[in-house]
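Below: the structure, in structure tokens.
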Amino acid sequence: MLPEVIPIESIREDHIESFHKALDMVSRERKYLSFLEAPPLEDVRPFVLDNIENGHPQVVAVVGGEVVGWCDIRRHPRPTAAHCGTLGMGIIPGYRDKGLGTRLIRAAVGQARDRGFHRVELHVHADNPRAIALYEKVGFVREGVARDAVRIDGRYVDSIGMAVVFG
């Protein structure tokens, strides 16, 4: 039984191992992310700590102390693109189609806007209509298609570039 309202909170250091597990679980489904498995924990830890230290939005949905979904937005490091961030997100099986994705993305995008981002962009697999619909629902606009941009298990998938720009 799921809690009535799953809390969404900014990621903390004590979430790192659980976030890593969730990232690995979604990655191993081999259809939503550009990872086939999560990077090693020793690589994920500095990523999360850098997000925390440098104000890159990263929110997590937590049930029973375990991360069940996340959304992060990394600011581009180059000065000419520092007004932009790239969004990544995922939700583990069993927690999808319950409005959690909408809540996660709105929380992260809200933080990005509050922290002075002007643009948030993402790439989504063209064969993921559920994610595309979510992104469009919260204001992302399709900007183009990269043909055969992803290859998983010998199968090529187009990638759709989408973005939201704050006025």
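The values are calculated or read from the model by the stated rules, or taken from the named source; none is laboratory data. From a predicted model like this one, the values you see are computed outputs, not experimental measurements. Cβ atoms come from the backbone with ideal geometry, glycine included; neighbour counts cover every protein chain shown. Accessible surface areas use protein heavy atoms only, side chains included; no ligands, DNA or RNA. Shrake-Rupley method; radii C 1.70, N 1.55, O 1.52, S 1.80 Å.
Listed values, structure above:
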| read-out | value |
| --- | --- |
| For a label point 7 Å along the Cα-to-beta-carbon line of residue 83, residues of the range 97-128 with backbone N under 11 Å | 117-119 |
| Accessible solvent surface per residue of the range 71-120, calculated while the other protein chains remain in place, 1.4 angstrom probe, Å² | 49 Å² |
| Student exercise, the range 20-62 dipole from Lys, Arg, Asp, Glu Cβ charges, in Debye to nearest 20 | 240 debye |
| Prolate/oblate/rounded call for the range 48-141, Cα gyration tensor, a/c under 1.5 rounded | oblate |
| The range 74-167 - charge dipole about Cα centre, Lys and Arg +1 at Cβ, Asp and Glu -1, debye rounded to 20 | 320 debye |
| Charge dipole (the chain, unit charges on Cβ, about Cα centre) - positive-most of 90, 19, 116 | 116 |
| Test item: Cα-centred dipole of the chain, Lys/Arg +1 and Asp/Glu -1 on Cβ, debye | 560 debye |
| Three-way shape label, the chain, alpha-carbon gyration tensor, a/c 1.5 | rounded |
| Chymotrypsin sites (Phe, Trp or Tyr not before Pro) within the range 1-106: DSSP coil, no more than 15 neighbouring Cβ in 10 Å | 35 |
| Selection from 55, 129, 163 lying farthest towards where the dipole of the range 54-167 points positive, charges on Cβ | 55 |
| Accessible area of the range 53-167 belonging to carbon and sulfur atoms, whole % at 1.4 Å probe | 49 percent |
